[in-house]
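Everything below concerns the one structure shown next.
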Amino acid sequence: MADGEDNKKMADTESVSQHRDISWPVVLYSVHIHIGALFGIYYIFTEAKLLTTLFSLLLTLLAVLGATAGAHRLWAHRSYTANSTLRVILMLCQTLVLQGSIYDWVLDHRLHHKYFGTDLDPYNNKKGVLHAHFTTNLKKKHPEYARLAATIDMTDMQEDRIVIFQKRYYWLLAAVVGVLLPWNAPVEYWGEHILNSLILTCLLRSTIALHWAFLINSGIYIWGIPAGDKSYANSNLIFILTKSYWPQYHYLLPWDYQTGEYGNYGEGCTSTFIRIWAAMGWATGLRTMDTESIRNALITATDTKKPVIECLRDAENYSKTYNEKEMYLQPKLPL
């Protein structure tokens, strides 16, 4: 009898990414900001002042940095440690994305990693890149989501006062930091038309930033190894053999701070900013994988017949502070 109940619960759980209702408020919000973004592109070339366009670009870049260096690498994967000043700045930058609180994003992303490539993954790759990148974000959470989310360790988030502050006052921060202040600045300081400012600094900016943030979960389908491709003997080693396909490496060792969200390693803007912050003393404990640790892990995998991923994770014990002894402004490939 117990086995039957367990099987039924498993069957229900396996459908977590299926049969989800459309969230119509989210759909309406998405439609409006995308229409506004199209107008924004038109206004750039017709009505908006150049300074407004540049200001909107700056806000977009800050928002993306808040998503990549902040929500993703710092909070979701603990790739490095940031002081209070940097954490406040990254929290405000992430608020500019208008994607929800850091706490909720981290919970969702950790769930994505835990069940990656299965029906429990909200960004299930079996449904294709459109689902992973966009349509899944237009749907309500599955009823089983809360039970699965309870299995994710969020202790570090609950102990982070800045994260909890943003979560508690998110809608106020989103309104002030994400809309009112960016909207008002061009109107107040260089006489931009109020409509032009709204469309460029809010609608266009948030639309572009959202899609870059969506790519954090869907980028593997663009820059990773194509699903079903049998041309590689062992996809777990592809990052060592070709120094490419970094999304696959990220799902093996998500804590490596040098792994870029957009198909690069060590040379992207986010990695560079993290090294600059480390040189300034704002970031410490940068975690990465060095050559010797990788070699030792491969030797261990060969000798013990253990999966490479397990050996690489064991190597974390003696490689996670490797970058502390390096020149911060020099990207380091793991070979």
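Bear in mind these aren't lab numbers, they're just calculated from the coordinates by the rules spelled out. If you're wondering where the values come from, they're calculated on a predicted model, not measured in any experiment. Glycine gets a Cβ as well: all are built from the backbone with ideal geometry, and neighbour counts include every protein chain shown.
Summary of values
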read-out	value
Ranked packing of 22-34, 134-146, 87-99, most packed first, by mean Cβ within 10 Å	87-99, 134-146, 22-34
Value of Rg/Rh across the range 64-154 [Cα atoms, Kirkwood radius]	0.99
Size of electric dipole in the range 1-218: Cβ of Lys, Arg +1 and of Asp, Glu -1, about Cα centre, debye, nearest 20	240 debye
Cross-link pairs LYS126/LYS305; LYS126/LYS306; LYS139/LYS167; LYS140/LYS167; LYS127/LYS306 - those with Cα-Cα distance over 26 Å	LYS126/LYS305; LYS126/LYS306; LYS127/LYS306
Nearest-20 debye value, the range 72-165 charge dipole, Cβ charges on Lys, Arg, Asp, Glu	220 debye
Unit Cα scatterers, Debye sum, the range 1-218: log10 I(q)/I(0) for q = 0.12, 0.15, 0.16 Å⁻¹	-0.69, -1.01, -1.11
For the range 129-206, alpha-carbon Rg relative to the globular expectation (2.2 N^0.38 Å, N residues)	1.56
Percentage relative contact order, the range 117-212, counting C-alpha pairs under 8 Å, at least six apart	13 percent
